[in-house]
1. Count, please, the residues in segment 287-317 that happen to be of a type in the set (Ser, Thr, Tyr) and surrounded by fewer than 14 Cβ atoms within 10 Å (Cβ to Cβ).
2. I'd like to verify a number: residues in segment 292-337 that are near the ligand (Cβ under 8 Å from one of its atoms) and of a type in the set (Gly, Ala, Ser), how many?
3. Quick check: is even one residue across segment 51-72 touching a Pro at 6+ places or on another chain (Cβ under 9 Å), of a type in the set (A, V, I, L, M) and assigned by TED's automatic domain parsing to the domain that holds residue 176?
4. Does residue 363 fit the bill of being touching a residue at least 40 places away in the same chain (Cβ under 8 Å), more than 14 Å from the ligand (Cβ to nearest atom) and surrounded by fewer than 19 Cβ atoms within 10 Å (Cβ to Cβ)?
5. Under the condition of being at pLDDT below 85 and of a type in the set (Phe, Trp, Tyr), which residue from segment 348-393 is farthest from residue 273 (Cα to Cα)?
6. Please specify each residue of segment 226-263 satisfying the condition of being surrounded by 19 or more Cβ atoms within 10 Å (Cβ to Cβ) and part of a helix (DSSP H, G or I).
7. Please work out which residue is farthest from the ligand (Cβ to nearest atom), limiting yourself to segment 269-291 and to residues that are assigned to a strand (DSSP E or B) and of a type in the set (A, V, I, L, M).
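The values are calculated or read from the model by the stated rules, or taken from the named source; none is laboratory data. The structure presented is a predicted model; accordingly, all values stated were derived computationally and were not measured. For neighbour counting, all protein chains shown are included, and Cβ atoms are generated from backbone atoms with ideal geometry for every residue, glycine included.
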Amino acid sequence: MVKSILEGKTVVLGVSGGIASYKAVDLASKLTQEGATVKVVMTANATKFVGSITFQAVTHQPVLTNLFEDSSQSAISHVSICKDADIFIVAPATANIIAKAAHGLADDALSTALLTASCTIVMVPAMNSQMWLNKATQHNLNVLKNRGIQIIEPEVGRLACGDEQAKGRFPETEFILNYMKDFLGKVQSLRGKTILITAGGTREPIDSVRFIGNRSSGKMGYAIAKAAKTKGANVILISGPTNLQPPFGVSMVYVETAQQMLQAVINNLSQADAVVMTAAVSDFRPAMKSNKKIKKESMPSSIELELNPDILEAISNKKDKQLVIGFAAETDNVLENATKKLKKKKLDLMVANDVSHPDFGFDSDFILAAFISDYGQQGSLEKYRKTELAEKVVEWIASKLA
Ligand code: C5P
């Protein structure tokens, strides 16, 4: 018999209180039959629709229903239930739990457990169609989606309230199972791997308030961090100053200067399986830095510069067997220059990107890029959304680390 991808996986199943709660019993049962360990956490309202004993019977696991269960008596608690979880699915997810999760509330076992999860979270909303369409619900769903939480949209059909052909229906168990299997298949590709990513530009101080910087927004590196996290990697994101929200579940290290970035990369190198340098590191810094703001009257007529370390070159001498990926922003002879840098910096992959056009590259959501590996150029420059290119880079890493 073909082994199910669910075999050996740990699934946390959050059940909130809607009429579809009873359908979650079938989901819990099928997940268990496919070999997953299913740990159920229910809201108080869900227990009005289905008894916790039903879930316990189909999963053969204790079920968590309140925050104050004596954890010395019970094998699980709201803080330990997500330990080792591969996926956390909330099915059905009511408008209430969606709102709580969007705002980080933690007033019962399910909402609290959700805050402790570092695995992928999937929500399966099911509710009355007016509640689904309500702007507050839609806003909260967008907040969750932006945080990387997966949403399985409800189906259109007959609802418990009697509405026909309305959106809000809980999908068939098979559909949810297939979604989870498909998702876990993709998530698995970087599970257990650690990916170190740098993003944003560095700032090289002239005095206590001024610096030499660049236009890098950090979008590319943050998109790669999010894509790697979604595939199950442990992600360390070393970031220069940006306006971006840290991706969910990623370990952040904030730095300002090239020297701090080099140190942070070296500190984390040994645990990494791959390093992706998207950061726009300043090649030089002022040789002297004033600790106070330089007065207009004492303005220097010139600023002497000195070279910054090249982080990629520094780590290619220190690295063990990590894959190393660079990004080369070029304005002319893009592919040729990027190929030279791939060789000089001893990289496994260079993503060449053409920044000669104002619509691409720095601060844009789009990038004109081509992959150059140690086997040579792969294709020509193509236009990508940065999120799309991030997927490609992460797939490339996954294929090499497999
Ligand atoms: O030489 P260039 O800056 O164009 O090379 C780009 C690649 O080198 C990027 O991946 C960038 O993050 C990395 N880099 C570095 N240390 C520097 C400058 C660039 O690691 N000082």
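1. Start the filter on segment 287-317 by keeping residues that are of a type in the set (Ser, Thr, Tyr), which leaves 290, 298, 301-302, 316.
In the following step, the residues that additionally are surrounded by fewer than 14 Cβ atoms within 10 Å (Cβ to Cβ) were identified as 298, 301-302.
Qualifying residue count, segment 287-317: 3.
2. Residues in segment 292-337 being near the ligand (Cβ under 8 Å from one of its atoms) and of a type in the set (Gly, Ala, Ser): 4 in total.
3. No, segment 51-72 contains no residue that is touching a Pro at 6+ places or on another chain (Cβ under 9 Å), of a type in the set (A, V, I, L, M) and assigned by TED's automatic domain parsing to the domain that holds residue 176.
4. Working: touching a residue at least 40 places away in the same chain (Cβ under 8 Å): yes; more than 14 Å from the ligand (Cβ to nearest atom): yes; surrounded by fewer than 19 Cβ atoms within 10 Å (Cβ to Cβ): yes.
So residue 363 fits the description; yes.
5. Ranking the candidates gives 360 first.
6. If the condition is that a residue be surrounded by 19 or more Cβ atoms within 10 Å (Cβ to Cβ) and part of a helix (DSSP H, G or I), then 226, 227, 228, 229, 230, 258, 261, 262 are the ones that fit.
7. Narrowing segment 269-291 to residues assigned to a strand (DSSP E or B): 274-277, 280, 284-286.
When the remaining residues are screened for being of a type in the set (A, V, I, L, M), the result is 274-277, 280.
Details: 274: 13, 275: 10, 276: 8, 277: 4, 280: 7 Å.
Looking at residues that are assigned to a strand (DSSP E or B) and of a type in the set (A, V, I, L, M), I get 274.
A quick yes/no check of all residues on (1) of a type in the set (Lys, Arg); (2) under 23 Å from residue 125 (Cα atoms):
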{"residue": "4", "(1), (2)": "no, no"}
{"residue": "10", "(1), (2)": "no, yes"}
{"residue": "27", "(1), (2)": "no, yes"}
{"residue": "33", "(1), (2)": "no, no"}
{"residue": "39", "(1), (2)": "yes, yes"}
{"residue": "44", "(1), (2)": "no, yes"}
{"residue": "53", "(1), (2)": "no, no"}
{"residue": "57", "(1), (2)": "no, no"}
{"residue": "63", "(1), (2)": "no, yes"}
